[in-house]
Structure formats: C-alpha cells, structure tokens
Amino acid sequence: MSNNTFVEPLPLSNVESGLAGERAQFLLNTWKDNSGVMIRDSRMTKLSPWLLLTLPSAEPGDVPKITFAGNQTTFRRFFPHALDSEAQKPATSFLPSVYRKGVADAYQTAIRGEPWLDIQRTGNRLGAGVPDMTLQRLLVRFETRSGIVRIFCLMELLEIHEQRDLSDHTRHPHYCPQKPDWHPAYQAMVPPMSERCARIG
C-alpha cells in the first residue's frame with residue numbers, strides 16, 4: 001500500500017486461499033455454502049465477538065447504521081461508548097466523517113450482494129486518541145429465512161503503528177489478527193447469530 005492510499009481493495013482469492021486468515025475464510029465459505037442465508041450455526045456464533053453488523057442501506061458517501069458490534073471488534077475497542085444506551089447520537093457518528101466517507105463505497109458493493117475485501121491504513125482519520133492502524137475488512141451480505149438483511153463486517157487489526165500524539169504517550173504493541181484459540185469448531189454459550197439478527201430487526 002502506498003503512503004497516499006487509505007483504502008485498497010484486495011482480491012477475494014486472498015480469503016479463499018486462507019491468506020486473509022481463517023476467520024475471514026470461514027465467514028466467506030459460510031456465505032457461499034448457504035447462498036447468503038443465515039442459519040442457526042454454532043460456528044458462526046463463535047465468530048460473533050469479531051463481527052459488526054449493519055443495516056443494508058446508507059446515505060451516499062456514508063456508512064450504514066450499526067446494529068450489533070461484538071466485544072472483540074476494533075469498533076468496541078476504540079469507541080467503547082458508541083453503543084451505550086445513554087448515547088445521544090448514532091453509533092456511526094463516533095467515526096469521523098473523513099473515515100466514513102473513505103470506507104463507504106465498499107458497503108454499497110456488499111449491499112448489492114457482492115463480498116468485498118480491502119486493507120486500510122487509517123493514519124489520523126479515526127480521530128484524536130485512536131492510533132494509526134492497518135486494518136483488513138471483509139464485508140458480506142446475509143439474509144435470515146424471515147427476510148432480515150444485515151451486512152456482516154469482519155475487521156482484522158493487522159498492526160498498530162507508532163502514534164506519537166496520543167494523550168497518554170503509550171506505545172501500542174503490534175497485534176496478531178488470528179488468535180490461536182479461535183476455531184469455528186469450538187462452541188460458545190451465547191445466542192446464535194440468526195437470533196441476533198432477528199432481535200435487532
């Protein structure tokens with residue numbers, strides 16, 4: 001990625017080959033195997049902490065409304081209060097407009113039913129106190145049997161770069177996107193993703 005590039009599309013073959021990580025590979029394979037239909041699947045439930053779900057529509061140049069953000073997502077990590085019940089504004093408004101505009105077009109592709117993979121170098125676009133990061137994003141469109149549509153976003157934090165203007169002057173360690181304890185065969189005692197889609201519909 002060049003220094004002037006913020007979002008760079010990547011070929012889906014990176015996901016299919018496993019180069020983008022096993023979480024992304026599993027999500028795309030699940031989408032393919034079920035023709036985009038979300039069914040009850042404990043393996044998807046295991047993946048849910050890393051998923052961010054949005055509505056299947058957005059204003060031009062903006063991102064869709066967030067309906068669910070797992071507790072391991074980068075959004076929860078850096079904007080922990082965005083989804084609080086006391087929040088007086090939409091969760092997406094916590095993201096600076098320059099960032100939202102830069103990542104918006106990919107959602108339109110996913111809304112049309114085409115999976116999307118990209119890599120991002122955020123720089124200072126996520127605002128004060130949020131470090132410069134390299135992120136990998138996979139977007140896929142799922143629909144429940146009852147007709148509820150959601151865009152699933154899997155954002156992998158590939159690296160946190162040195163950020164000199166953070167208020168606490170701390171240096172964040174590099175981050176490995178794939179933790180060794182994650183595998184879709186493991187079980188999780190949380191509601192299935194199909195139920196989560198229904199609850200937020």
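Here, each number is a calculation from the coordinates, and none is a lab measurement. All values derive from a computational prediction rather than experimental measurement. Cβ sites come from the backbone with ideal geometry, for glycine too, and all protein chains shown count toward neighbours.
Using R₀ = 45 Å, calculate the FRET efficiency as 1/(1 + (r/R₀)^6) where r is the Cβ-Cβ separation of Ser93 and Asp41; round to 0.05.
The formula returns an efficiency of 0.90 here.
Provide the three semi-axes, in whole Å and in decreasing order, of the ellipsoid equivalent to region 9-116 as defined by the square roots of 5 times the Cα gyration tensor eigenvalues.
Those come to 24, 17, 13 Å.
Got the relative contact order for region 1-147 handy, in percent, Cα pairs under 8 Å and 6 or more residues apart?
Relative contact order of region 1-147: 27 percent.
Quick one: Cα convex hull volume of region 23-65, Å³ per residue?
Spelled out: Cα convex hull of region 23-65, divided by residues, is 101 Å³.
Quick check: net charge around Leu27, other residues with Cβ under 12 Å of its Cβ, Lys/Arg +1 and Asp/Glu -1?
Here the count lands on +1.
What distance in nm separates the two pseudo spin-label positions at Lys101 and Arg77, each 7 Å out from Cα along the beta-carbon direction?
Each label point lies 7 Å from its Cα, and together they span 2.7 nm.
With a cap of 11 neighbouring Cβ atoms within 10 Å, and only residues DSSP puts in a loop, list the trypsin sites (Lys or Arg not before Pro) found in region 43-131.
Arg112
With r as the distance between the Cβ atoms of His161 and Asp84 and R0 = 35 Å, compute the FRET efficiency 1/(1 + (r/R0)^6) and round to 0.05.
That gives a FRET efficiency of 0.75.
Amide H of Asp132 versus every other amide H placed in the peptide plane: which residues, excluding those fewer than 5 positions away on the same chain, fall under 5 Å?
So Asp132 has HN proximity to His161.
Hey, rough spin-label estimate for Glu22 and Asn124, points 7 angstrom out along Cα→Cβ, what's it come to in nanometres?
4.0 nm
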